[in-house]
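Chemist: First, the structure itself, so that you have it in front of you.
The values are calculated or read from the model by the stated rules, or taken from the named source; none is laboratory data. This is a predicted model, so every value here is computed, not measured. Using ideal geometry, Cβ is built from the backbone for each residue, glycine included, and neighbour counts are taken over all protein chains shown. The area values use the complete protein model at the heavy-atom level, side chains included, leaving out ligands, DNA and RNA. Shrake-Rupley method; radii C 1.70, N 1.55, O 1.52, S 1.80 Å.
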Amino acid sequence: MIRERSMFLIFMLFAIFAIMFAEEEEKYTSKYDDIDIDAILANTKLRNQYLNCFLETGPCATADAKYFKEKLPEAIATKCKKCTAKQVIFFDKAVTWYTENEPENWQKMVEKAIQRTQTGDGKSK
C-alpha cells in the first residue's frame, strides 16, 4: 500500500512537471521578432496598414501583418502569455502607444479581438 502510494505520488509529480514544462514551451513563432515596432508606430501609413488588416477594413499587405492578425486576439485575451520576450516588448509598446495616442482605435482592436476570440477560429462573425 505504501509503495503504491509512493509510486502514485512520483507519477503525479512527473505529470505536473510535464504539464508545467509543456506550457512554458508553447510560444508563438519568433519568425517576426525582428520587425521594427517603433518604425511601424511612428509611420502613420504603415501603422494604419497593420490596423486595417487587423480590423478587416483593408488588406493584409505583409506576411507578418497576417500573422499578427491571427495571433493578436489571443495575445490580448491572455496578456501575451504565449509571446516571446521580444513580442512582449512589442505588445507593451503597441498597447501603450495606442492607449495614449489613439484610444478609439485601441478600443476597436479590443472589440475585434473579443469578437474573433469568441468564434474560436480566429475569424470574425
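Chemist: Scanning for something open to solvent by less than 80 Å² (accessible area, probe 1.4 Å), closer than 16 Å to residue 37 by Cα and not in a helix (DSSP H, G or I), does segment 104-121 turn up at least one residue?
Modeler: No.
Chemist: Would you pick out the residues in segment 47-71 that are open to solvent by 40 Å² or more (accessible area, probe 1.4 Å), assigned to a helix (DSSP H, G or I) and in contact (Cβ under 8 Å) with a residue 40 or more places away in the chain?
Modeler: 70, 71 - these are the residues of segment 47-71 that are open to solvent by 40 Å² or more (accessible area, probe 1.4 Å), assigned to a helix (DSSP H, G or I) and in contact (Cβ under 8 Å) with a residue 40 or more places away in the chain.
Chemist: Here's another thing I want to ask about it. Being open to solvent by less than 70 Å² (accessible area, probe 1.4 Å), part of a loop (DSSP other than H, G, I, E, B) and in contact with an Asp or Glu (Cβ under 6 Å, 6 or more places away or on another chain): is that true of residue 28 here?
Modeler: When the stated conditions are applied, residue 28 does not pass them.
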